[in-house]
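In what follows, a single structure is set out as structure tokens and then discussed.
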Amino acid sequence: MSDEIPKLRMAATESPEAIARRIEREQVAANRDREFALEESLGGFRVGSVRALNAVPLTRGLESEILYDTPAQLAQMLQRDKLDAALVSIVEPLFHDRYDILDGIAVASL
């Protein structure tokens, strides 16, 4: 066996454009992995939503695991403990203080 110390090499230099492309590819892969993990994360968690285009950003990636119904029906299912979470009217938590409201997300317009 040789006692010779291996020579170190410098990493190849990359252009800023190549670095940006590599970082973008890594971010796309990380986002894909995060979405896949989210799809698998609900397990036994029962979630309800409305079939409306403006609700899609709140339920993206979970479509196959969500029960869809009207807001009134979803509220009744929450009251009977048939759902763990649902998109319901904002007045629902005003009448039933057992609900938690998630800050920063909503289906709303100004």
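Just to verify a number: FRET efficiency for PHE95 and GLU35, C-beta to C-beta distance, R0 = 30 Å, to 0.05?
Numbers: r = 35 Å, r/R0 = 1.16.
Plugging the Cβ-Cβ distance into 1/(1 + (r/R0)^6) gives 0.30.
Which of the listed residues, GLY104, GLN76, VAL56, is farthest toward the dipole's positive end in the chain, when Lys, Arg count +1 and Asp, Glu count -1 at the beta-carbon?
Value computed over the given set: VAL56.
Can you pull out the chymotrypsin sites (Phe, Trp or Tyr not before Pro) in the range 1-75 whose DSSP state is coil and whose Cβ has at most 16 other Cβ atoms within 10 Å?
Numbers: sites: PHE36, PHE45, TYR68; in loops: PHE45.
Listed in order of number, the matching sites are PHE45.
Given H placed on each backbone N at 1.01 Å, which residues far from LEU83 in sequence or on other chains put an amide H within less than 5 Å of it?
The list, which skips near neighbours in sequence, is LEU78.
Where is the GNM fluctuation largest for the chain (alpha-carbon springs, 10 angstrom cutoff): LEU62, LEU83, LEU53?
LEU53
Over the range 1-80, what is the relative contact order in whole percent, taking alpha-carbon pairs under 8 Å and six or more residues apart?
Values: 34 pairs, mean separation 19.9, N = 80.
Computed over the range 1-80, the figure is 25 percent.
Please identify every one of the trypsin sites (Lys or Arg not before Pro) in the range 1-104 that sits in a loop by DSSP and has no more than 15 other beta carbons within 10 Å of its own beta carbon.
Numbers: sites: LYS7, ARG9, ARG21, ARG22, ARG25, ARG32, ARG34, ARG46, ARG51, ARG60, ARG80, LYS82, ARG98; in loops: LYS7, ARG9, ARG46, ARG51, ARG60, ARG80, LYS82, ARG98.
The qualifying sites are LYS7, ARG9, ARG51, ARG60, ARG80, LYS82, ARG98.
Helix-derived [θ] at 222 nm for the chain: sum -39500 (n - 2.57) over DSSP H runs of at least 4, divide by residue count, nearest 500? Walk me through the numbers on the way to the answer.
Working: 4 runs with 43 residues, N = 110.
So the helix-based figure for the chain works out to -11500 deg cm²/dmol.
Pull out a ≥ b ≥ c, the square roots of the eigenvalues of the alpha-carbon gyration tensor of the chain, then state rounded if a/c is under 1.5, prolate if not and a/b is larger than b/c, and oblate in the remaining case.
Note, shape of the chain comes out prolate.
Within 10 Å, at most 16 other Cβ atoms, and a DSSP state outside H, G, I, E, B define an exposed site. Report the longest part of the chain free of exposed GluC sites (Glu not before Pro). If you can, show how the numbers build up before the last one.
Numbers: sites that count: GLU4, GLU14.
Maximal segment without exposed cleavage sites: 15-110.
What list of ³J(HN,Hα) couplings, whole Hz, do you get for the range 74-91 from phi and the Karplus terms 6.51, -1.76, 1.60, once you set θ to phi - 60° and write x for glycine and proline?
4, 5, 5, 5, 5, 4, 8, 6, 8, 10, 8, 7, 6, 8, 10, 4, 5, 6
If the only charges are +1 at each Lys and Arg Cβ and -1 at each Asp and Glu Cβ, what is the size of the charge dipole of the chain around the Cα centre, to the nearest 20 debye?
Numbers: 13 positive and 19 negative charges, 46 e Å.
With only Lys, Arg, Asp and Glu charged at Cβ, the dipole is about 220 debye.
Bear in mind that the values in this text are calculations on the coordinates, not laboratory data. Computed from a predicted structure; not experimentally measured. We place every Cβ from the backbone using ideal geometry, glycine too, and count neighbours over all the protein chains shown.
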